[in-house]
Every structure is written in structure tokens, then in C-alpha cells.
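The values are calculated or read from the model by the stated rules, or taken from the named source; none is laboratory data. Model, not experiment: these values are computed from the prediction. Here the Cβ positions follow ideal geometry from the backbone for every residue, glycine too, while neighbour counts run over all protein chains shown.
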Amino acid sequence: MNQSKQIGDLKKQIESLQRSSTNSINQQPSSLLPLSMIIPNIEDESNYAPICTAFQWKFNPTEVKFGSKKNSPPFYNIMNAHCFQLVVEYETNDFSIGLRRYRGKYDHPVNEIKVIKNIDFQIHVFGKNGKLKIYNWDETNDYSISKHEMISEDYTEHINNGEIGSLTVDGFVHLHCFFNTISQC
């Protein structure tokens, strides 16, 4: 019964995300394609519902502001099984959200991972009173990983310290992450 409730909740979230995605797509140029599914990095598949269309992660800005970096669990782009990770830190009065390539379970354990092209990644942050902030990463960054390393360099977007309060809901900033379907890494 609990699983049925979880599936119902996920369906509601998907419908909400699709409505917001449809609204934003209608306002964007028609050359942009719809967003693609992301596979979470899961160890226990018994609680995984494949209807989820976005990688979702949240962080507590107070912990980040007075602590160290926060790393998301690694997640995969289903189009090519490349693994990524988000990192959040507080520096020079801004919160930075970094995207980096992560050596995942489909990558060779020690070989260099070459430059990835055509990355088109978005994060939607839903805040108070219907506020929506969208952050984009594109193909101009080098997500190569050298031999024996686990992660690439971070490429960051910033949230101004003064804006973080309006993006915090129930003490957390909620990130909804998507790869655009034009990604052909």
C-alpha cells in the first residue's frame, strides 16, 4: 500500500513537472527539444519507480554556508549511461552549484575519460510563491577525467546569497535536474 502511495505521489510530481516544462517550452524557441529522463544511481532496485523523469536533489543552505561542500549522489544520463554528480558550496557570498562528470559503473576503472561533447543540462529550482530559477550547462565545458581520478573539473552556476531565501522551501533548496534530448555524448 505504501508503494502505491509513492507511485501516486511520483505521478503527481511528473504531471506538475510536465505542466511546468510545457509552459517553459511554449515560451522558448521551437528549436529546443523536450527534456530526457535521468536514471538515478541506485543500489537497491526494489524501491525504484522507473516513471521518475528527473533527478531530484535537495540541500540545506545553512549546512553548506557553515560547513563544507555537499555532493549529490552520482546519477546517469540514460541516453549514453554517462555518470554525473552535483556539488554545492558557499564561496564569496554566493552558493555555487557545480556539475561534474563522475567515473560511474559503466566507465573503465582507470582509463582516461575523454572530452564529452553536446552536454545540455538544466536545473530547475522551485522557490516560494511560484518562483522558478533555471540554470543551464552546455557543451562548452571539458568533462574529461584523467587516469585514476574519479571526477572531472566542476563547472558552476551561482545563486546569490540574497536570493537563497526565496528559493528555500521547508529549509531546503530543491533541485530538479534534466538532460535535454539533443545530448549525444
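Can you tell me which residue is nearest to the chain's Cα centre (by Cα) among those in the range 29-78 that are at pLDDT 85 or above and β-branched (V, I, T)? Top of the filtered list is V64.
This table checks each residue for (1) within 21 Å of A54 (Cα to Cα); (2) touching a helix residue (DSSP H, G or I) at 6+ places or on another chain (Cβ under 8 Å).
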{"residue": "F66", "(1), (2)": "no, no"}
{"residue": "N80", "(1), (2)": "yes, no"}
{"residue": "G104", "(1), (2)": "yes, no"}
{"residue": "N129", "(1), (2)": "no, yes"}
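Looking across the range 142-179, the residues that are under 24 Å from K105 (Cα atoms) and not in a strand (DSSP E or B) come down to D142, Y143, S144, S146, K147, H148, E149, M150, S152, E153, D154. E153 fulfils the conditions (1) farther than 20 Å from N77 by Cα; (2) under 19 Å from the mean Cα position of the chain (by Cα); (3) acidic (D, E) except for a single criterion, (1). Going residue by residue through the range 80-88, is there one that turns out to be touching a Leu at 6+ places or on another chain (Cβ under 7 Å), surrounded by 13 or more Cβ atoms within 10 Å (Cβ to Cβ) and farther than 19 Å from T168 by Cα? The answer is yes; a qualifying residue exists. Comparison of Y135, Y76 shows that the only residue that is in a strand (DSSP E or B), in contact with a Gly (Cβ under 9 Å, 6 or more places away or on another chain) and of a type outside the set (A, V, I, L, M) is Y76.
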